[in-house]
Amino acid sequence: MTIYAAPLCKSADMGMSVSGRPSADDLLVLLAVGRTGRFVTAADELGINHTTISRRIAALEQTLGGRVLTRVTGGWELTELGREALAAAEAVESAVKSLAAGADGNRVLEGVVRMSATDGFSAYIAAPAAARVRRHHPDIAVEIVATTRRASRRRSGVDLEIVVGEPQVRRATATHLADYRLGLYGSREYLRDNPAPATIDDLALHPLVYFIDSMLQVDDLDLASGVVPAMRESVTSTNVFVHVEATRAAAGLGLLPCFMADRHPDLVRVLPDSVAVTLGYWLVARAETLRRPEVAAVVAAIRSMIDDHRDILAGRG
């Protein structure tokens, strides 16, 4: 497979197939679209326009004799032929990147890794893991979208998703990362003015700080509130940091991740034996995405961070 000496796709004449073989340039364009799911995002990464992306994909499909992409809600997804072509594209990329290896032969990792994760995971696991990666590989940039939602049906525009609860996914892998625990907490100020509950029945006398019920997308988080059904709502939010701060401000008792609440000495856990909810963090990604060295580096750092904090996540910190 020939890799042309001129810059990738900088002119309309570049990347045309030779003797019926797919062009390396066309394959690298497919690689960018396959990873991002969007022509515009791939164009930005490659420094070309989306019209050129469309032309390169069309040329590749003509050479291969079939569709490599199919239109889906919010972007594009690889066909079976496209996934076969992607394997060849990864080989091309690996060959090109090997030219950038340092004098010691070590491969230089670079690129952008985009991930989405819940607010707490983003702040206390993903962010320090990203910093760890950057210390070893300064040419890797990590973009973190903090959101609490189900795994996307179409993973366009994001390489990794961290979700709560085991997801049902297609054309992707779902891997359990760690369990974490929710507990019921009150501030010292709140518990000074309101007698701490001694039983589950006593919770009916206290307001609850938690998610907005009507806007909660994650089934496991919705089920978690079932352990305190008698409590009336106080301050509710889509952001768990708001839950923590509202609880610290004596808005009521908060159903909080222990690894976030235990960081604050002004928060006291109540009914620890009666109110304890264990949920799981899951990693969702395409198999081809996980093969990218820069993505693998981020995943390894996340796993290492989780190993360092497993007891804290489980509420034993």
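The numbers here are math on the coordinates, done by the rules we state, and not lab data. Computed from a predicted model, the values in this text were never measured in an experiment. With ideal geometry, Cβ positions are generated from the backbone for all residues, glycine too; neighbour counts draw on all protein chains shown.
Only one residue of 75, 190, 217 has its Cα farthest out toward the positive end of the dipole of the chain, where Lys and Arg carry +1 and Asp and Glu -1 on Cβ, and that residue is 75. Arranged from fewest to most other beta-carbon atoms within 10 Å of their beta carbon, 234, 304 become 304, 234. Ranked for footprinting exposure by Cβ neighbours inside 10 Å, fewest first, 54, 225 give 54, 225. Counting only Cβ charges, +1 for Lys and Arg and -1 for Asp and Glu, the dipole size of the chain around its Cα centre is about 720 debye. Highest average first, the peptides 284-290, 88-94 ordered by how many other beta carbon atoms sit within 10 Å of their residues are 284-290, 88-94. Taking 0.36 nm per residue of separation and subtracting the Cα-Cα distance, full extension of the segment from residue 139 to residue 83 would add 17.4 nm. When each of the peptides 195-203, 109-117 is scored by the mean number of other C-beta atoms lying within 10 Å of its residues, the order from highest to lowest reads 109-117, 195-203. What number comes out for the charge environment of residue 237, summing +1 per Lys or Arg and -1 per Asp or Glu over other residues with Cβ under 13 Å away? Surrounding charge for residue 237 is -4. With neighbour counts taken as other beta-carbon atoms within 10 Å, the residues 188, 292 rank, fewest first, as 188, 292.
Coupling constants for segment 166-174 follow from the phi torsions by the Karplus curve (6.51 cos²θ - 1.76 cosθ + 1.60, θ = phi - 60°), and in residue order they are 5, x, 9, 10, 10, 6, 7, 10, 10 Hz; glycine and proline get x. Using the Cβ-Cβ distance between residue 296 and residue 266 with R0 = 45 Å, the FRET efficiency computed as 1/(1 + (r/R0)^6) comes to roughly 0.65.
Remark: segment 271-317 carries a charge dipole of roughly 200 debye about the Cα centre, counting +1 on each Lys and Arg Cβ and -1 on each Asp and Glu Cβ.
The amide H of residue 113, built 1.01 Å from its N in the peptide plane, has 141, 142, 143 as neighbours under 5 Å, considering only residues 5 or more places off or on other chains. Positive contributions from Lys and Arg (+1) and negative ones from Asp and Glu (-1), summed over other residues with Cβ under 11 Å from the Cβ of residue 225, come out at -4. Listed peptides 205-212, 175-182 appear in the order 205-212, 175-182 once ranked by packing, highest mean of other Cβ atoms within 10 Å at the front.
Charges were assigned to the Cβ only: +1 to each Lys and Arg, -1 to each Asp and Glu. The resulting dipole of segment 167-314 about its Cα centre is roughly 560 debye. Projecting label points 7 angstrom from Cα along Cα→Cβ for residue 168 and residue 49 puts them 4.4 nm apart. Model label points for residue 314 and residue 176, set 7 angstrom from Cα along the Cα-to-Cβ axis, are 1.3 nm apart. Between residue 91 and residue 201, the C-beta separation translates, for a Förster distance of 45 Å, into a calculated FRET efficiency of about 0.10. Give me the net charge for the shell around residue 276: Cβ to Cβ below 14 angstrom, other residues only, Lys and Arg +1, Asp and Glu -1. Overall, the nearby charge balance is 0.
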